[in-house]
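Q: Structure incoming, see below.
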Amino acid sequence: MVDYLDLDYTPNEKDLIVMYNVEKAPNCESLEKVCEEIAKESSIGTWTEIKTLSADIAARLKPSTFYIDSENQIIKIAYTEDLFEADNMSQILSAIAGNIFGMKVLTNLRLIDISFPKKIIEKYKGPKFGIEGIKNLLNIENRPILGTIVKPKVGLNEKQHAAVCKQAWEGGLDIVKDDENLTNMVFNKFEKRITETLRERDQVEHNSGEKKIYMPNITAKVSTMKKRADFVHDLGGEYVMVDILTVGFSALQEIRDYLDNKDMVIHAHRAMHAAFTRNEKHGITMLALAKIMRLLGMDQLHTGTIIGKMEGTRQEVIDTNKVITLSHIKGNNLTMLDQDWKHIKPTLPVASGGLSPLHVPQLIDILGNNMIFQFGGGCHGHPDGTYSGAKAIHQAVEASLDNIEIAEYAKSHIELRRALEKWDK
Ligand code: CAP
Ligand code: MG
């Protein structure tokens, strides 16, 4: 009989460790029993003893549940590295985040965090640029990077799209991006949109002397994403955006490798994440997902605003930003594990969703300056349009960095005043 429970076990540097929150099913005898089932199903075992599982295989590969906090229903399992194909994230997740979510012995299962061992970390490049690389590229030091998402999400034609981008850049924003559902549409063709928009970008850069960024959404099947990235690159684009979950983990690995010698920044949009990150009792935390994305090489990642329209508590967002920006993580027994990120650069967090200039003081206060703040409706919804919306966002940041109340600053800045008139209800 293989024993998957070993509370005396001390993990070593060859172990991948997973922290789970477990709610056992009423018909299951104990938390220890559930731990055994989770460890079995996520590694070498199944629902019954099998004759084909030799003592040697068990000795080499069986994982150990080495920590059980029955009060908080939190467990930690150590998996030896030989259970995994180190450079194959899909395989790793099929094991530790696969069948186990569907087992009847548990009512809920939440994967809280994964600690990756040296042998796995070494197989990944991580972000090409990281926070410093992006700040250098945009020549921005002591303030958050400011961006907008073209709205409406879809519907504009190529020229209309480019014109909106031009206004946002001229209004002072650094970045303009496609929305998560804008790719190659009958009314807005990818190549024509990129051509029109990068031409406007070049013009605004020339006139303003400021660095301006366009993040086109290349989300599609992998071969098409490669072609679209090439098209952007050949036209002088430095960024691509990918809907990380809908393209999938293996596609992301492929794209990161493909873009490695093209010097392109990868912006990761997390559309669909809430399908498995939102339920606090079941699924996978955004923190764990964010760590996977840092390892896979995403330079920028949406992680939440705390104060905007999307779900995500202050603790979740701050912890998530911590594990993707720091080089060494000191774990606790509740929300995160120790992690040494070795050569893996930090990923720049993105706060986006339901933000307007009014949110800026709080955003800077809670999340700091090493951030990207994005405003869709909060820019294009300005009473006087996109250009004024962009100006108002910039003015709110200027005021906040100088510790001036935005209401006070608005007295001498019409765009900000108009924004307050609309949104300060
Ligand atoms: C924001 C946005 C982003 C969300 C994604 C939207 O627009 O473009 O996709 O921020 O959420 O479509 O909602 P608004 P998250 O600024 O107009 O809200 O960042 O939480 O992944
Ligand atoms: Mg969007």
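Q: Could you please tell me which pairs satisfy a Cβ distance under 6 Å, a separation of 6+ or placement on different chains, a first residue in the stretch 337-356 that is polar (S, T, N, Q), and a second residue that is assigned to a strand (DSSP E or B) and within 16 Å of ligand 2 (Cβ to nearest atom)?
A: T347/L301; S352/H302; S352/Q374
Q: Considering only the stretch 293-310, how many residues are within 16 Å of ligand 2 (Cβ to nearest atom) and in contact with a helix residue (DSSP H, G or I) (Cβ under 6 Å, 6 or more places away or on another chain)? Explain how you work it out, then say what you get.
A: Step one: filter the stretch 293-310 for residues within 16 Å of ligand 2 (Cβ to nearest atom), giving 300-305, 308-310.
Narrowing the set further to residues that are in contact with a helix residue (DSSP H, G or I) (Cβ under 6 Å, 6 or more places away or on another chain) leaves 301, 303-304.
The qualifying residues number 3.
Q: Of (1) touching a strand residue (DSSP E or B) at 6+ places or on another chain (Cβ under 7 Å); (2) buried (at least 19 other Cβ atoms within 10 Å of the Cβ), E196 satisfies all except one. Which?
A: All conditions pass for E196, except number (1).
Q: State whether the residues of the stretch 136-157 include one that is touching a residue at least 60 places away in the same chain (Cβ under 8 Å), buried (at least 16 other Cβ atoms within 10 Å of the Cβ) and in a helix (DSSP H, G or I).
A: Within the stretch 136-157 (the criterion being touching a residue at least 60 places away in the same chain (Cβ under 8 Å), buried (at least 16 other Cβ atoms within 10 Å of the Cβ) and in a helix (DSSP H, G or I)), the answer is yes, since at least one residue qualifies.
Q: Which of the residues belonging to the stretch 28-51 are under 17 Å from S94 (Cα atoms) and in a loop (DSSP other than H, G, I, E, B)?
A: Just the residues of the stretch 28-51 that are under 17 Å from S94 (Cα atoms), to begin with: 37-46.
Passing the criteria: S42, S43, I44, G45, T46.
Q: Of (1) touching a residue at least 60 places away in the same chain (Cβ under 8 Å); (2) under 30 Å from A290 (Cβ atoms); (3) more than 19 Å from the chain's Cα centre (by Cα); (4) away from ligand 1 (no atom under 16 Å from the Cβ), G237 satisfies all except one. Which?
A: With respect to (1) touching a residue at least 60 places away in the same chain (Cβ under 8 Å); (2) under 30 Å from A290 (Cβ atoms); (3) more than 19 Å from the chain's Cα centre (by Cα); (4) away from ligand 1 (no atom under 16 Å from the Cβ), G237 is out only on (1).
Q: How many of the residues in the stretch 359-388 are under 20 Å from H161 (Cα atoms), within 16 Å of ligand 2 (Cβ to nearest atom) and either in a loop (DSSP other than H, G, I, E, B) or not polar (S, T, N, Q) (or both)?
A: Qualifying residue count, the stretch 359-388: 7.
Q: Further, regarding this structure: Do you know which residues across the stretch 265-321 are part of a helix (DSSP H, G or I) and β-branched (V, I, T)? It would help to see each step written out before you state the result.
A: Quick first cut of the stretch 265-321, residues part of a helix (DSSP H, G or I) only: 274-277, 286-296, 314-321.
If the condition is that a residue be part of a helix (DSSP H, G or I) and β-branched (V, I, T), then T277, I292, V317, I318, T320 are the ones that fit.
Q: When you scan the stretch 204-222, do you find a residue that is under 14 Å from V240 (Cα atoms), touching an Asp or Glu at 6+ places or on another chain (Cβ under 8 Å) and assigned to a helix (DSSP H, G or I), even just one?
A: yes
Q: Only residues in the stretch 99-120 that are farther than 23 Å from A274 by Cβ count as the first member; pair them with residues that are among the polar types (S, T, N, Q) and surrounded by 20 or more Cβ atoms within 10 Å (Cβ to Cβ), Cβ under 9 angstrom, at least 6 apart or cross-chain, and list the lot.
A: From the stretch 99-120, the pairs are S115/Q339; F116/Q339.
Bear in mind these aren't lab numbers, they're just calculated from the coordinates by the rules spelled out. Note that this is a predicted model, so its numbers are computed, not measured. Counting neighbours? That spans all protein chains shown, and the Cβs are built from the backbone with ideal geometry, glycine included.
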